[in-house]
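None of the figures in this text is laboratory data; all of them are computed from the coordinates on show. In this text, all values refer to a predicted model and were calculated from it rather than measured experimentally. Every residue, glycine as well, gets a Cβ built from its backbone with ideal geometry; the counts of neighbours run over all protein chains shown.
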Amino acid sequence: MNDHPLWQALGRHWKWIALRGIAAVLFGVLAIAWPGIALTVLVIVWGAYAFVDGVFTLIAAASMRESQRPIWPLWLVGALGVLAGLVAFFWPALTALGLLMLIAGWALATGVLQIVAAFRLRRSLANEWWLGLSGALSVLFGVLMIANPGAGAVAVVWVIGAYALFFGVLLILLALRLRKTSTFDA
C-alpha cells in the first residue's frame with residue numbers, strides 16, 4: 001500500500017516535515033500568547049516562520065531528488081516561503097492589509113499544492129487525508145483572510161496563531177505517520 005516512490009522518499013525524510021510542523025506550532029503559540037504585538041514585529045516573526053518553512057521545504061525537495069517522481073510542488077512551496085519571508089524582512093512596515101494579503105496568498109498557494117499532492121498520493125497512501133486536510137485548512141484560511149481583511153489586529157493575530165497551530169499539528173501528525181511507515185518498510 002505504501003510502496004509509492006514519493007511516499008517512500010517522504011518517509012525517509014519525515015524529519016523535515018516534522019520540523020515544519022514544529023515551527024508552525026511555535027509561531028502559533030507566540031502569536032496567541034502575545035496578541036497585542038506590533039504589526040512590524042508580527043511581520044518579522046511571520047517572515048522568519050515563512051523563511052524557515054521555505055528552507056525546510058527546499059531541503060526536503062533537494063533530499064528527494066533521487067525519487068524520480070515530480071516534486072515540483074515542494075520546490076514551489078519552498079521558494080514561495082523563502083520569498084514571502086524575505087519580503088517580510090525587507091519591508092516590515094507593510095500595512096495590515098498588505099500583511100493579510102501576503103499571508104492569504106501564501107496560505108492559498110500552499111494549500112492548493114498540498115491538496116494536489118494528496119490527490120496524487122491517494123492510491124498509494126493510506127492516510128493521505130492528513131496532507132489534504134492541511135491543504136484544505138490553508139485554503140480556507142486564505143479565503144477567510146481575503147474575504148474579511150478589516151478584522152481587528154488582535155483577532156487577526158489570534159486567527160493567524162490558530163491557523164499556524166492547526167497547520168503545524170497536522171504536519172506533525174503527517175510526519176509521525178511517515179516515520180511509522182518508513183520504520184515499518186525499512
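Quick notes on this one:
- In percent, rounded to a whole number, the relative contact order of the chain is 37, using alpha-carbon pairs under 8 Å and six or more apart.
- Working value for region 5-185: equivalent-ellipsoid semi-axes of 29, 15, 14 Å, each the square root of 5 times a Cα gyration tensor eigenvalue, largest first.
- Nitroxide proxy distance, nm - points 7 Å out along Cα→Cβ at Leu140 and Trp91: 3.1
- Taking Cα centre as origin and charging only the Cβ of basic (Lys, Arg, +1) and acidic (Asp, Glu, -1) residues, the dipole magnitude of region 10-136 rounds to 420 debye.
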